[in-house]
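S.K.: What follows is a structure written as structure tokens; I'll ask about it next.
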């Protein structure tokens, strides 16, 4: 695959992608001024200023922000700073993404699709629900257990989380289970009373959603 460009930003996304692409790209800190095409792997609030430094030759990674005239390629994943297996991970394309950047992502297994600028806020909000909010729920559940003197052995709650995601991936709505799906009001009431008030409200509100 013959592509060559720079990545600006040494955060988790920049480091992970640079590792995956190897010597075909150069990773720079945000104050650098490389030649050629530049992929901006910087925080959302820095994108417009950075894009102004590379007019007509940069793209960014933000799933939420739209900058007119600056294409976006947003990988729908959570980066940890290292290269991973990204085969089948959606890649949202907004604007006229240059072919060499698109091909570079495709070489890693990303699956591109077109995302209109007016769709980005909804797309990103749903991504936050799936990733950031889900993590908050899992970590919050762990803290509730620990506060109640319960320490799970082995992999703790994570085996349950993985099994749940697997079931939903395979069966969609049919993969959901638990007292809210069964309509077990007595169990719901007991469970809710065991939680701290803030988490009780989250528990009941989420359970009521369909």
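S.K.: If you average 1/r over every pair of different alpha-carbon atoms in the chain and take one over that average, what Kirkwood value in Å do you get? Could the numbers behind the result be given before it?
M.R.: Details: mean 1/r = 0.0507 Å⁻¹.
Taking every pair of different Cα atoms in the chain, averaging 1/r and inverting gives 19.7 Å.
S.K.: Sticking with this structure for a sec: At what distance in nm do the modelled label points of residue 12 and residue 48 sit from each other, each positioned 7 Å from its Cα along Cα→Cβ?
M.R.: 2.6 nm
S.K.: Two decimals is fine: what's Rg over Rh for region 66-183, C-alpha atoms, Kirkwood radius as Rh?
M.R.: Values: Rg = 18.3 Å, Rh = 17.2 Å.
When Rh is taken as the Kirkwood radius, the ratio is 1.06.
S.K.: If you don't mind, another one. Evaluate the distance, in nm, between pseudo-label points positioned 7 Å from the Cα of residue 64 and of residue 166 along their respective Cα→Cβ axes.
M.R.: Result: 3.3 nm between the two label points.
S.K.: Take every Cα-Cα distance within region 121-208, group them into 10 Å bins from 0 onward, and report for each bin the whole-number percent of pairs it holds.
M.R.: Bins of 10 Å from zero give 14, 42, 39, 6, 0 percent of pairs.
S.K.: May I ask for the distance between the Cα centers of region 59-82 and region 117-162, given as a whole number of Å?
M.R.: 23 Å
S.K.: If you take every DSSP beta bridge fully contained in region 5-115, what fraction is antiparallel? Give it as a percent rounded to 5. Spell out each step's value before the answer.
M.R.: On the way: 5 of 20 bridges.
Here the antiparallel bridges make up roughly 25 percent for region 5-115.
S.K.: Right, next: Given a Förster radius of 30 Å and the C-beta distance between residue 118 and residue 209 as r, what FRET efficiency does 1/(1 + (r/R0)^6) yield to the nearest 0.05?
M.R.: Details: r = 25 Å, r/R0 = 0.83.
Result of the calculation: an efficiency of 0.75.
S.K.: Determine Rg/Rh for region 79-126; Rg is computed over alpha-carbon atoms and Rh is the Kirkwood hydrodynamic estimate from the same atoms.
M.R.: Working: Rg = 11.8 Å, Rh = 11.9 Å.
With Rg and the Kirkwood Rh in hand, the quotient comes to 1.00.
S.K.: Please work out how much length the chain gains when fully extended from residue 155 to residue 128, using 0.36 nm per residue of separation minus the C-alpha to C-alpha distance, in nm with one decimal.
M.R.: Numbers: separation 27, 0.36 × 27 = 9.72 nm, distance 2.46 nm.
Extending this stretch completely gives an extra 7.3 nm.
S.K.: By how many degrees, 0 to 90 and rounded to 10, does the Cα axis of helix 12-21 deviate from the longest principal axis of the chain?
M.R.: Approximately 60 degrees, to the nearest 10.
S.K.: Who wins for biggest fluctuation among 177, 77, 136 in a Gaussian network model of the chain, springs between alpha carbons below 10 Å?
M.R.: So, out of 177, 77, 136, the one fluctuating most is 177.
S.K.: Related question: Could you work out [θ]222 nm for the chain from helices alone, using -39500 (n - 2.57) per DSSP H run of at least four and dividing by all its residues? Round to the nearest 500 deg cm²/dmol. Spell out each step's value before the answer.
M.R.: Numbers: 9 runs with 92 residues, N = 210.
Per the formula, -13000 deg cm²/dmol.
S.K.: Hey, another quick one. Of the DSSP beta bridges with both residues in region 52-175, give the percent that are antiparallel, rounding to the nearest 5.
M.R.: Values: 5 of 10 bridges.
Expressed as a percentage, antiparallel bridges in region 52-175 total about 50.
S.K.: How high is the FRET efficiency from residue 100 to residue 77, r the C-beta distance, R0 30 Å, rounded to 0.05? Can you show the working numbers first?
M.R.: On the way: r = 21 Å, r/R0 = 0.70.
Using R0 = 30 Å, I get an efficiency of 0.90.
S.K.: Ok, one more. Which order do the peptides 107-120, 51-64, 162-175 come out in when sorted by mean C-beta neighbours inside 10 angstrom, highest first? Before the final figure, lay out the partial values.
M.R.: Details: 107-120: 14.4, 51-64: 18.1, 162-175: 11.3.
Packing proxy ranking, top to bottom: 51-64, 107-120, 162-175.
Here, each number is a calculation from the coordinates, and none is a lab measurement. Model, not experiment: these values are computed from the prediction. Every residue, glycine as well, gets a Cβ built from its backbone with ideal geometry; the counts of neighbours run over all protein chains shown.
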